[in-house]
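Enquirer: Dumping the structure here so I can ask a few things about it.
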Amino acid sequence: MIVVFEKGFALRHIGHLDLMRTIQRALRRTSLPIRYSNGFNPHIQMSFAAPLSVGVVGMHELMDVPMANEFNEEAFTKELNRVLPGCLHVCRSRTVPDDFPTLMALVAGSRIRIEIEAGEAADKIAAVFPEFMASGELVTLRKTKSGENMTNIRPFVTEGSIEKAANGYTLRCVIANRQDGSLKPAVLMNALCELAEIESASYIAYRDVILAKGKDGQLMELEEYVYV
Amino acid sequence: MIERIEKLLERVEKPARYTGSEMNTEVKPFGEAELSFAFCFPDTYEVAMSHLGMKILYSIINALPYAVCERVCMPWVDMLSAMKEEGVPLFSLESRTTLSKFDIVGFTLQYEMSYTNILEMLFLGGIPVKNAQRGDSDPIVVAGGPCASNPEPLSAFIDAFMIGDGEEVIVEVVDLLNACKKKNLPRAERLKLLASIEGVYVPSLYHPEYHEDGTLKSFEPIDPDVPKTVKKRFVIDMDTAAFPETIPVPYTQIVHDRIMLEIMRGCTRGCRFCQAGMLYRPVRERSLDRLVELSEKLVGSTGYEEISLSSLSSGDYSCLSALCEELMEKFSEKRVSISLPSLRIDSVVKDSLAQTQKVKKSSLTFAPEAGTQRLRNVINKGVTEEDLLNKLKDAFEGGWNSVKLYFMMGLPTETQADLVGIAHLAQEAVKAYYAVPKGQRVKGLRVTCSASVFVPKPFTPFQWCAQDTMDVVKAKQYELRRLLSAVRGVTFNWHDPSVSFLEACFAVGDRRLADVLYRAWELGCKLDGWNDQFHYSLWMQAFADCGVDPVFFANRPRGLDELLPWDFIDIGVTKRYLRLEYERSLDAQTTRDCRQGCNGCGIERIKGLCKICE
């Protein structure tokens, strides 16, 4: 079952593994025909499309929960929502065939939104953002599996805009995954702060959509890809 | 305020400690309850959320239609300094209400080294730290838990202590304070009414006097209406006693992240150093049916993947095998594993081991406590070397490769031979592993040998004993390290003797230690239970500043006829019995497990309580 869910504001500090454990415990509270792994420490089978970094709100997350036998999609959504805490919410569920590729393999990027709190720092970031988009390079320190590296983060951002909002600015961008991984909103914001020569800015980051690569090579919403 | 808290969360190392909103914590709106109770755990979230007592009382208070109970934990140092910088007061996890806005603030006392955290939490929550400075509009600060059995070192900070099992007395206290609130009674009257509840001790209503040598001369109530003796509270029937059917499920990993099912309370063994063994008498079991019912409800409401059958000595539960079998069968479909902590080596464990290993294999812990039979007799640990070696053999044959051996050093009458005995047992454990044929044993033997330092505790037969001085403890630790370094495959863990020294001071201390505690907190002591936060020199300065000698408390043997600071509490077990046990221990005479016959510990005075002595 492919599940589209929201990881709310109150849960943004909960890490990937903690979220996985929380959802597994929620699943155990349901009557759903879930599957377990074998071995000494059997656990509930499930996988996320893409881990969400700590501090980011997930508006449109996807996970795959394999079922032991077929189960009605709407009933699944309803049953899982029954046991989830208020800040975790299932939007939709969809049955896919057993040989459906893993979500992780389909992920190609994401659309993120950063709400920057009004103030001098926000103004400065708004001022340098077009400069960042126009340039071909912004090198900053980035942590990857192989350690900390100086990376040019500009190529990760394939689209970007910033606009004035009710209380500050809204920065939107499309982040494309590359061979050496993805770009965290916090790393982008730190780099922008460096560029704007400010120490820090107050903001909340949202991952609005997870993207997949469509048959024509264009990025499209992962959910749409699953549904097609 | 909530926005300011959210800002702080962006700055700290583990924000999930402070966010709340876990599963099963959506209780009721703070403002709608007539009476609010802040359940304070004087340690970090991970420790607090691992504590069963908090979950029991949390559910009891929240079940009262007029009351709301919210949780408050001790913030870690990064959060503490951020809160102080931003002027954010200590708040509850549920509604993020400032501590001082609650009607009742209740602390659980699990460990002496968490006492400074109580002062810090009160201060950070906007409540006068000393009870004498509190006014009518301040919360009533109560406390309970095992360390409340000697409440005196905290007498200047806590308004009222609850002694004994908390399930019933907490409701009486909350009921009474709700009635007082409605009548708008002044603080002094509320406290006096509280003192009339059985099991409640209000320190401001008692007055101690001392002899010239510093020992206690008298300890009397200042008011004729206040009882001279405070009687410990007992829950009689564990099946009708409240137990939560739903518990909070944290997002972030805590120390004991599982369902803790209390299968019984109390222990019949009578180990002479063990305070819990004396405090929680008599043994009271929950019935198998009730336990199955509770575990079904708890698995259903939490989704936890593990149930731990907890008690002081789970191996002694009368139908343990049947319980394990039934739970395994019930939950095999949901892959819920069953674990058994605090197994005693002399329990019938083989069957239970076979049961638990069906699902999961973890390391096994054995606590022989002392290295020789003589010293095990002194402490009345009815375990022989043969028992231990047989159980180790069972474990290694059963597929375990990792065992932990717990010992205590500095026990009364200990000699060099007893230290050698510890190394000898560790060596025998290694031998027992290699005695299992190569194909049958699981590779990678791990023997961990831990030696803690004996701390004299109130209401034990060793309450009169002195702790070894720190120099002696250090010399013994050095010697044990030397002895154990000769045994291959054994890891040796030991405790910081200065922490044990302070534990002893506060365990057996009196009212005069309240000043020391306050001074230590002023000097910056907090989170003393965490090695990296513990500052021995600050503590010594606090003792010096107050003119109190810690050696008087920790390293002085107390006279058998001395009035002890906790003698005004009737804990169930009588002082006469404790003294008898102490005298037997000096002759290395053992006392039978009380399931083999009543030993007359004093519990029999309470009709209908002990199933064994009736």
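Enquirer: Please specify each residue of segment A:41-70 satisfying the condition of being in a loop (DSSP other than H, G, I, E, B), within 11 Å of another protein chain (Cβ to nearest Cβ) and out of contact with any Lys or Arg (no Cβ under 6 Å at 6 or more places or on another chain).
Expert: The answer is A:41, A:43, A:54.
Enquirer: Please enumerate the residues belonging to segment B:59-81 that are closer than 17 Å to residue B:14 by Cα and buried (at least 19 other Cβ atoms within 10 Å of the Cβ).
Expert: Once the filter is applied, which keeps residues that are closer than 17 Å to residue B:14 by Cα and buried (at least 19 other Cβ atoms within 10 Å of the Cβ), segment B:59-81 yields B:72, B:73, B:74, B:75, B:76, B:79.
Enquirer: Against the definition (in a helix (DSSP H, G or I), within 14 Å of chain A (Cβ to nearest Cβ) and acidic (Asp, Glu)), how does residue B:13 come out, yes or no?
Expert: Spelling it out, it is not the case that residue B:13 is in a helix (DSSP H, G or I), within 14 Å of chain A (Cβ to nearest Cβ) and acidic (Asp, Glu).
Enquirer: Answer with yes or no whether residue A:6 is over 29 Å from residue B:307 (Cα atoms) and of a type in the set (Asp, Glu). Show your work before the answer.
Expert: On the way: over 29 Å from residue B:307 (Cα atoms): yes; of a type in the set (Asp, Glu): yes.
In short, yes.
Enquirer: I'd like the full set of residues that are closer than 23 Å to residue A:211 by Cα and touching a residue at least 60 places away in the same chain (Cβ under 8 Å), limited to segment A:130-176.
Expert: Answer for segment A:130-176, where residues must be closer than 23 Å to residue A:211 by Cα and touching a residue at least 60 places away in the same chain (Cβ under 8 Å): A:132, A:158, A:172, A:173, A:174, A:175, A:176.
Enquirer: Looking at the structure I just gave you, is residue A:90 within 14 Å of chain B (Cβ to nearest Cβ) and not in a loop (DSSP other than H, G, I, E, B)? Show your work before the answer.
Expert: Details: within 14 Å of chain B (Cβ to nearest Cβ): no; not in a loop (DSSP other than H, G, I, E, B): yes.
No, not satisfied.
Enquirer: I've got another one for you. Restricted to segment B:30-50, and to residues that are in a loop (DSSP other than H, G, I, E, B) and more than 14 Å from every other protein chain (Cβ to nearest Cβ), which residue is surrounded by the fewest Cβ atoms within 10 Å (Cβ to Cβ)?
Expert: In the first step, residues of segment B:30-50 are kept if they are in a loop (DSSP other than H, G, I, E, B); the result is B:33-34, B:42-44, B:49-50.
Subsequent filtering for residues that are more than 14 Å from every other protein chain (Cβ to nearest Cβ) retains B:33-34, B:42-44, B:50.
Numbers: B:33: 21, B:34: 13, B:42: 29, B:43: 22, B:44: 22, B:50: 18.
For segment B:30-50, the residue satisfying everything is B:34.
Enquirer: Quick one: what pairs do we get from segment B:282-309, first residue surrounded by 16 or more Cβ atoms within 10 Å (Cβ to Cβ), second aromatic (Phe, Trp, Tyr) and at pLDDT 95 or above, C-beta under 7 Å, 6+ apart or different chains?
Expert: Taking only residues 6 or more apart or on different chains, the pairs are B:294/B:243.
Enquirer: A further question on this structure: I'd like to check something: does segment B:195-205 contain any residue that is crowded, with 16+ Cβ neighbours inside 10 Å and either over 14 Å from residue B:160 (Cα atoms) or more than 27 Å from the chain's Cα centre (by Cα) (or both)?
Expert: Looking for residues that are crowded, with 16+ Cβ neighbours inside 10 Å and either over 14 Å from residue B:160 (Cα atoms) or more than 27 Å from the chain's Cα centre (by Cα) (or both), one finds none in segment B:195-205, hence no.
Enquirer: Confirm whether residue B:548 is touching a residue at least 60 places away in the same chain (Cβ under 8 Å) and β-branched (Val, Ile, Thr).
Expert: no
Enquirer: State all residues of segment B:88-123 that are closer than 11 Å to residue B:41 by Cα and β-branched (Val, Ile, Thr); if no residue qualifies, say none.
Expert: B:105, B:108, B:118
Enquirer: Output the number of residues of segment B:391-422 satisfying the condition of being under 22 Å from residue B:312 (Cα atoms) and either at pLDDT 95 or above or surrounded by fewer than 16 Cβ atoms within 10 Å (Cβ to Cβ) (or both).
Expert: Residues in segment B:391-422 being under 22 Å from residue B:312 (Cα atoms) and either at pLDDT 95 or above or surrounded by fewer than 16 Cβ atoms within 10 Å (Cβ to Cβ) (or both): 5 in total.
Enquirer: Across segment A:7-26, what is the number of residues that are in a helix (DSSP H, G or I), under 15 Å from residue A:83 (Cα atoms) and either of a type in the set (D, E, K, R) or at the interface with chain B (Cβ under 7 Å from one of its Cβ atoms) (or both)?
Expert: Of the residues in segment A:7-26, 4 are in a helix (DSSP H, G or I), under 15 Å from residue A:83 (Cα atoms) and either of a type in the set (D, E, K, R) or at the interface with chain B (Cβ under 7 Å from one of its Cβ atoms) (or both).
Enquirer: Residues that are within 30 Å of residue B:8 (Cα to Cα) and within 14 Å of chain B (Cβ to nearest Cβ): which strands (runs of 3 or more DSSP E) entirely in segment A:140-228 hold 3 or more of them?
Expert: Numbers: elements: A:147-152, A:157-165, A:168-176, A:203-213, A:219-221.
Correct list: A:203-213.
Enquirer: In segment B:104-138, what residues are within 12 Å of residue B:157 (Cα to Cα) and in a loop (DSSP other than H, G, I, E, B)?
Expert: Scanning segment B:104-138 gives B:127, B:128, B:129, B:130, B:134.
The values are calculated or read from the model by the stated rules, or taken from the named source; none is laboratory data. The model shown is predicted, which means the values in this text are computed figures rather than measured ones. Every residue, glycine among them, receives a Cβ derived from its backbone with ideal geometry; neighbour counts consider all protein chains shown.
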